Amino acid sequence: MKRDELVAKMRPILLGRREALRRRLSGELTNLNANWDRDDVGDDSDSAMGNQDDEIHSLLAQTDSQEIHRINAALESMDRGEYGLCEECHQPIASARLMALPYITTCINCQRNAEANRSRSADVDHSPAEDSDESNAD
Ligand SMILES: [Zn+2]
């Protein structure tokens, strides 16, 4: 499939997904506010449960808003004509991968490399990132 065909196909999917997320997100935030209101008038034994609910809802809201950011980034890359290019190696990402994960930003090879580097970082000696001195900040 050509890139512009892919963009034409994926753009409405991304827009629809973003709309659904926004709607759900506003529902989650409403829920969050409702819990806070209830805690104001509730007694202490209820507020522990209420806080737990708040945490779950705010986690959901966080996940959803992160997804919206990724969708926005994908839509912006469509506008720039860069949609579907791997941000690591700048090679086209496979159409099938994009259709499964519309706002993915790396190709399968780069993702595998990144995962391999993470899991093998202990015995990899050619990684310049290994010398990070953040742990010496004390
Ligand atoms: Zn790549």
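Tell me the residue from Asn113, Asn117, Asn109 that is surrounded by 11 or more Cβ atoms within 10 Å (Cβ to Cβ), farther than 30 Å from Leu6 by Cα and modelled with pLDDT of 90 or more, please. One residue alone meets the criteria, Asn117.
Scanning region 49-108 for residues being among the polar types (S, T, N, Q), over 22 Å from Leu25 (Cβ atoms) and away from the ligand (no atom under 16 Å from the Cβ) gives a total of 0.
Listed by first and then second residue, the pairs with beta-carbon distance under 8 Å, at least 6 apart or on different chains, first residue in region 8-30 and within 12 Å of Ile71 (Cβ to Cβ), second surrounded by fewer than 14 Cβ atoms within 10 Å (Cβ to Cβ) and modelled with pLDDT under 95, are Met10/Met99. Residue pairs whose Cβ atoms lie under 6 Å apart, sitting 6 or more positions apart in sequence or on different chains, and linking a residue in region 51-69 that is surrounded by fewer than 15 Cβ atoms within 10 Å (Cβ to Cβ) and β-branched (Val, Ile, Thr) to a partner that is in a helix (DSSP H, G or I) and modelled with pLDDT under 85, do not occur here.
The values are calculated or read from the model by the stated rules, or taken from the named source; none is laboratory data. Since the model is a prediction, treat every value here as computed from it, not as a measurement. So basically every Cβ, Gly included, is an ideal-geometry build from the backbone, and we count neighbours across all protein chains shown.
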